[in-house]
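Here is the structure we will look at.
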Ligand code: S3P
């Protein structure tokens, strides 16, 4: 069976949804950021601090190639993964790609309840955070839109909605 690859902006719900999706399909779940952190024994935010974004993107690409070579997995990417190098074209050859599309408002509300440190959003809050997300999302959209499927995830306003969304994803990829 083909890999299932989840992509979308930070806070879209890739990891939370990916875990449940993998469990339902009895597949292994990989989160690219967690994979990088295990392989490098370093937090993503520390990699950013030490090597800058450019250094992180190179590592991210290499690790993405490593994980995406596995088979039958569910993989949640980092928010920026599809937007660098030829990553998105490569990912489309390695599985079923699904863009989890969330509005800036949904993203902000998800980020509020998240404990993950996101170096690109640190020190931004309120209107500045919303404007930054709106702008970056627009820039990233052409890459995200290369996904084979697009799923609206604005319905994800509580954890108990994850199950329904996962069923919707399963239906979508069956077609
Ligand atoms: C990033 C998203 C993060 C992580 C890094 C950069 C981005 O992953 O890879 O902080 O550029 O959007 P999540 O989308 O899992 O937060």
Worksheet item: Within the set of pairs 6 or more residues apart or between chains, which connect a residue that is without any contact (Cβ under 8 Å) to a residue 40 or more places away in the chain and under 13 Å from residue 86 (Cα atoms) inside segment 139-150 to a residue that is away from the ligand (no atom under 13 Å from the Cβ) and assigned to a loop (DSSP other than H, G, I, E, B) with Cβ atoms less than 9 Å apart?
Response: none
Worksheet item: If the Cβ limit is 9 Å and pairs must be 6+ apart or interchain, which residue in segment 72-83 that is over 16 Å from residue 26 (Cα atoms) pairs with which residue that is away from the ligand (no atom under 12 Å from the Cβ) and in a loop (DSSP other than H, G, I, E, B)?
Response: 82/146; 82/147
Worksheet entry | Checking residue 108 against (1) free of Cβ contacts under 8 Å to residues at least 60 places away in the same chain; (2) farther than 29 Å from residue 62 by Cα, the condition it does not meet | (1)
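Just to be sure before I move on: is residue 107 buried (at least 17 other Cβ atoms within 10 Å of the Cβ) and within 13 Å of the ligand (Cβ to nearest atom) in the structure I sent?
Criteria met by residue 107.
A quick yes/no check of all residues on (1) near the ligand (Cβ under 10 Å from one of its atoms); (2) surrounded by fewer than 19 Cβ atoms within 10 Å (Cβ to Cβ):
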{"residue": "9", "(1), (2)": "yes, no"}
{"residue": "49", "(1), (2)": "no, yes"}
{"residue": "63", "(1), (2)": "no, no"}
{"residue": "67", "(1), (2)": "no, no"}
{"residue": "71", "(1), (2)": "no, yes"}
{"residue": "81", "(1), (2)": "yes, no"}
{"residue": "84", "(1), (2)": "yes, yes"}
{"residue": "103", "(1), (2)": "no, yes"}
Discussion item. Residues that are part of a loop (DSSP other than H, G, I, E, B) and crowded, with 18+ Cβ neighbours inside 10 Å: does segment 110-117 have at least one?
Written reply: no
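Scan segment 86-105 for residues that are part of a loop (DSSP other than H, G, I, E, B), in contact (Cβ under 8 Å) with a residue 12 or more places away in the chain and over 17 Å from residue 168 (Cβ atoms) and jot them down. Explain how you work it out, then say what you get.
First, the residues of segment 86-105 that are part of a loop (DSSP other than H, G, I, E, B): 86, 102-103.
Add one more test, that the residue is in contact (Cβ under 8 Å) with a residue 12 or more places away in the chain, and what stays is 102-103.
Listed by number, the list holds a single entry, 103.
Each reported figure results from applying straightforward, stated rules to the coordinates on display, with no laboratory input. Model, not experiment: these values are computed from the prediction. Please note: Cβ atoms are built from the backbone with ideal geometry, for glycine as well, and neighbour counts cover all protein chains shown.
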